[in-house]
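Written out below as structure tokens is the structure these notes cover.
The values are calculated or read from the model by the stated rules, or taken from the named source; none is laboratory data. None of the values given here were measured: they were computed from a predicted structure. Cβ sites come from the backbone with ideal geometry, for glycine too, and all protein chains shown count toward neighbours.
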Amino acid sequence: MITDKEKELIRRHIISAVIRAAAAAAVLAAVFTFIFGITSVERNDMFPQIYAGDAAVFFRLGSIGKQDAVIYESPEGPAAGRIAACPGDTVDVTGSGIITINGNMQPVQKRLGIFEETKEKNSAVIYPVILGEDEFFVLGDRREDARDSRIYGCIKRKDIRGVIFLLIRRRTV
């Protein structure tokens, strides 16, 4: 039979375990609210680097630079894209598939998995675009089908959730 002293000891151990579990949950919640984030990528805008259905873990803090793969808020929800131009840059996209940034023609970057030309989309974006102080021009790697700054216009810094640093493949292709 369990004594009252043993019951009290068991009760204290249970309370201690619950408090530790709650503290660990609070720390994880804070880390994934303020430092890291995770989201499911819904579209193939970054194919072949990132597939629809992949989980992307991103870092919320730090700087954002050209060629960084990011998660941002589009009018259609969270989206993945690559930073093509940063604040102060001038972007021009022509119907012939040529993109220039600050007057320099940008080649197709096969090492990043970009195999298609960057063509204009039918949208309200008027070129050339001069990026403001907190604006970025984001393009998908799958240029033909990507929904990106060619449709939405410039992406504000506050709408960029973070830089992708880890992908979790949730399905095979």
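Here are a few things to note about the model shown:
- Condition check for Ala85 on (1) within 12 Å of the chain's Cα centre (by Cα); (2) surrounded by 12 or more Cβ atoms within 10 Å (Cβ to Cβ): one failure, at (1).
- Qualifying residue in segment 82-92 (condition: more than 16 Å from Asp159 (Cα to Cα) and of a type in the set (A, V, I, L, M)): yes
- Out of Pro75, Pro48, one residue alone is in contact (Cβ under 8 Å) with a residue 40 or more places away in the chain, touching a helix residue (DSSP H, G or I) at 6+ places or on another chain (Cβ under 9 Å), exposed (fewer than 15 other Cβ atoms within 10 Å of the Cβ) and not acidic (Asp, Glu). It is Pro75.
- From Gly132, Gly153, Gly162, Gly140, residue being more than 22 Å from Thr90 (Cα to Cα), of a type outside the set (Asp, Glu) and in the same structural domain as Thr90 (by TED's automatic domain parsing): Gly162
- Within segment 115-151, tally of residues that are in contact (Cβ under 8 Å) with a residue 60 or more places away in the chain, in a loop (DSSP other than H, G, I, E, B) and surrounded by 13 or more Cβ atoms within 10 Å (Cβ to Cβ): 6
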